[in-house]
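This report concerns only the one structure given below.
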Amino acid sequence: KKEYGEHARYTFNFVKKPRPKKAAPAMVLASAPVTPDTVPMTTPPVRPTSTIIITKESKDSKLGIVIVLDGGRLKVGSILPGSVSTRSDLQVGMIIESINGHQVSTSAEAVVLIDAIEGNVTFVVSTGTPSSVADVSSNNGDANQNEDSAVTMPWEEEHFVPVTKAGKQKSPNVIRSELQKYIDGSRTQTNIIDEMGVNNNTFRRYMNPRTYKDQWSALQNGTYRAAARLLAKAKFESDMAKKSGSAKRKAAARDGNTAKKVKCGNENPAASNASAKEDAKLLIDRIQAVQGVSDKEVYDTCPQLVAKIKKFLTRDGMTKANLLRAFGNINSNSLGRFLSGKGQDQCASVTYKAAYVFFEKLRIMEGKPKTKARLKNESEQIGGFSLTKRRAGGWVYCVPGEQPFF
């Protein structure tokens, strides 16, 4: 308050840390004689263990299992259908005692350890008791019914920390970069902010790298952990979707469906790919045939055009080479700099005007109306956005009677 005054607003982030348990005294009954009759005979509970070995074909191979932390113990949360783990005795709900002789305490440590192993992965597991494992059931239907409520994913843990493949914590700069890529290739920024549960000011401060002299100071910003959880969840869902699709394709190949389709002429990958590329070229020709679009006034921001370019490149058969030709045979380096730019710092790029004209023609060809963002830009930016990059600093000289315009 002395530094900022009474008007300042303060934000505190509290992290609950477990208290260390105090060691029990060595002699609890030091004053009383210890006899066989006074010592209670207790036997610690023993869980039967078993050893399960799963072989990884390579270091990058995946086992297709999800390891969760439940009740302080690592357990098998789920097993991907069609994965190598389904051919082993590993079952959902088993407690993982050790992996290749190493005892791990968090799911992140287990994932890092498994990813580093090449060859045999040896699990020592125990079944535990059905009452303590919510997702253990002999009925697969019951297991699926309780999966959402019983299984705790790694990013849902209270002390979740994002780590790299080497086991090191991801820096705020890495999370910031991954989050920006996720925003560019997915939904709107507003929806993502709402899903993370942070306010706009907190998000903007985190996304601006100049806010923090030391990047690790950004750990105090709630956006760091919210973004890390969101990215971990998105990566898991993407990996599961890819593996599920791969498993289905392999199953279809085993059944001979793929061979039948190719033999009957219903599906030819080479012909289909060539047809998609030809359709992409025809689409570009139709777009370029649209007339009446001027490049003197641009009413889309650089980030808006970057999002349109990335979305357009996801179309079947579309390549960067085709898009470069459609933009007037511009250099690939120019396109790369434009895609990696921040804000309006690439407004002087030749890609800026070329991309605006191309996507404006596409909008007219498809008969789509102008978006709210486009109408807002037209009302606020009279004459369009600037097409020249403003130099930092400098002086503006005026003669008497003239007024400087910035």
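The values are calculated or read from the model by the stated rules, or taken from the named source; none is laboratory data. Given the structure is predicted, the values throughout are model-derived calculations rather than measurements. Glycine also receives a Cβ, built like all others from the backbone with ideal geometry; neighbour counts cover every protein chain displayed. Quick note on the areas: whole protein, heavy atoms, side chains included, nothing else; ligands and nucleic acids left out. Shrake-Rupley method; radii C 1.70, N 1.55, O 1.52, S 1.80 Å.
Tabulated values for the structure
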item: Residues of segment 323-338 classified as surrounded by fewer than 18 Cβ atoms within 10 Å (Cβ to Cβ) and assigned to a helix (DSSP H, G or I), total; result: 7
item: Top-ranked residue in segment 339-358 [being of a type in the set (A, V, I, L, M, F, W, C) and part of a helix (DSSP H, G or I); ranked as farthest from Ala276 (Cα to Cα)]; result: Val350
item: Which listed residue, of Gly72, Gly77, Gly93, is over 18 Å from Ala166 (Cα atoms), open to solvent by 30 Å² or more (accessible area, probe 1.4 Å) and under 28 Å from the mean Cα position of the chain (by Cα); result: Gly72
item: Subset of segment 47-69 that is out of contact with any Gly (no Cβ under 8 Å at 6 or more places or on another chain) and hydroxyl-bearing (Ser, Thr, Tyr) - its residue that is least open to solvent (accessible area, probe 1.4 Å); result: Ser61
item: Positions within segment 220-241 being under 18 Å from Tyr206 (Cβ atoms) and open to solvent by 40 Å² or more (accessible area, probe 1.4 Å), in sequence order; result: Gln220, Arg225, Arg229
item: Boolean, Val357 is open to solvent by 40 Å² or more (accessible area, probe 1.4 Å), over 27 Å from Arg176 (Cβ atoms) and at pLDDT 85 or above; result: no
item: Residues located in segment 308-322, provided they are assigned to a helix (DSSP H, G or I) and of a type in the set (D, E, K, R); result: Lys308, Lys310, Lys311, Lys320
item: The lone exception for Gly82 - which of (1) within 12 Å of Lys243 (Cβ to Cβ); (2) in contact with a helix residue (DSSP H, G or I) (Cβ under 9 Å, 6 or more places away or on another chain); (3) open to solvent by less than 10 Å² (accessible area, probe 1.4 Å); (4) not aliphatic (A, V, I, L, M) it fails; result: (3)
item: Lone unmet requirement of (1) open to solvent by 40 Å² or more (accessible area, probe 1.4 Å); (2) under 26 Å from Lys170 (Cα atoms); (3) not polar (S, T, N, Q) for Arg87; result: (2)
item: Top-ranked residue of segment 365-406 - restricted to ones that are surrounded by 10 or more Cβ atoms within 10 Å (Cβ to Cβ) and among the aliphatic types (A, V, I, L, M), ranked as modelled with the lowest pLDDT; result: Leu387
item: Near pairs, Cβ below 8 angstrom, 6+ apart or cross-chain, from segment 84-113 (on the phi > 0 side of the Ramachandran plot and touching a residue at least 12 places away in the same chain (Cβ under 8 Å)) to any residue that is of a type in the set (D, E, K, R) and in a loop (DSSP other than H, G, I, E, B); result: Gly93/Asp135
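Yes/no per residue for (1) within 15 Å of Phe359 (Cα to Cα); (2) touching a Ser or Thr at 6+ places or on another chain (Cβ under 8 Å); (3) surrounded by 11 or more Cβ atoms within 10 Å (Cβ to Cβ); (4) at pLDDT below 85:
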residue	(1), (2), (3), (4)
Ala252	no, yes, yes, yes
Asp255	no, no, no, yes
Ala259	no, no, yes, yes
Leu283	yes, no, yes, no
Lys308	yes, no, yes, no
